[in-house]
Amino acid sequence: MKKALAMLLIILGFCSLVIQAAAGNAPAAEYESGDYTYTVGADGYAVIIRYEGGDDIIAVPDALGGHTVTAIEDEAFPFDSEIVSVSLPSGIQSIGPGAFDGCYLLSSIEVAAGNPVYVSVDGVLFRKTDLMLIAYPSMKKGPSYSVPQGTLAIGDRAFDSCHALQTVALPDSVQSVGKDAFAHCGRLAAILVSPGNPRFASTDGALFRTADGALIAYPPGKTEDTYSVPQGTQSIGDRVFCECFFTAVTLPESLLSIGDQAFYNCRNLASVNLPDGLQTIGTARLHTAATSPSSPCPVACCPSARTLSSAARP
């Protein structure tokens, strides 16, 4: 009898764990209030997951359905929207990377003075807690921008789709640059770095990390037909050359690795010659007229290349 009771308790305990796990994985209930769709966390605070209004000037509300708004999820604001200005309330504590991606007319992001986490500097969004530049509005006026001295980090996709920018200058205080920080900036021709920065350097407008010889960003607006990656470069990061215009690129013998989709959508690229010392190549997909969309690119770099040296290399 005791064994049977013990077994029953074990089974009940296991079932309880399964039920709790299932409840934890269940999608959060979504609610609507005006133009906003949001969820409510266990703490009772609202998280904006989607905005579907048509206004060009938006003031994110302090609360939705009686719940204080504390977070905005990634890509919450729609692509190709008419939004030109966004004002954030004092309660916002978290903003997903790319929250404003696709807001191609956005020229200013403002923050309430009492917000303890975020601040707006000349319409650009920064996070106070780690001195990170979070989002630069896509249509902010001016062909150049100098990141303020004291900024420690550039966030993921921070300058995504900033079509007006032609140059960005990083101060010597910057210690990290996030993924795809300068993606889809079609006119960006140079990323400059203060000579006093110990972690990053600019060579011919391209951004390098000095500690490991990594090329981490190449301005997609550079118009040269050819590009030679400097000797001494050891790695090329993910999507570094995405949407670049050159027709040929020369890779140095020092190169050891190429990241995922490093040459993605380089539609003019005719050849890539791989150095003998190359050890690692990321992944990508071919999608030209001559190939199937699902065909893996042998060198994992260029969906538009017509000729690839050492293409059989794993």
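Readers should treat all values here as calculations from the given coordinates under stated rules, not as data from a laboratory. Because the structure is a prediction, the values reported are computed rather than measured. Cβ: placed from backbone, ideal geometry, glycine included. Neighbour counts: every protein chain shown.
For the reader, a short list of remarks on this structure follows.
- Three semi-axes describe the equivalent ellipsoid of region 96-179; taken as square roots of 5 times the Cα gyration tensor eigenvalues and ordered largest first, they are 18, 16, 12 Å.
- Measuring between their Cα centroids, region 108-157 and region 172-245 lie 21 Å from each other.
- Local net charge near Glu32, Cβ-Cβ under 11 Å (Lys/Arg +1, Asp/Glu -1): -2
- In a simple Cβ point-charge model (Lys, Arg +1; Asp, Glu -1; nothing else charged), region 197-271 has a dipole of about 140 debye relative to its Cα centre.
- Reach of Lys141 by Cα under 12 Å, taken over aspartates and glutamates that are not fewer than 8 positions away in the same chain: Asp122
- The dipole here belongs to region 161-212: it is taken about the Cα centre, uses +1 on the Cβ of Lys and Arg and -1 on the Cβ of Asp and Glu, and is about 80 debye.
- Top positive-direction residue, dipole computed over region 77-139 with Cβ charges, set Ala113, Ile134, Ala99: Ala113
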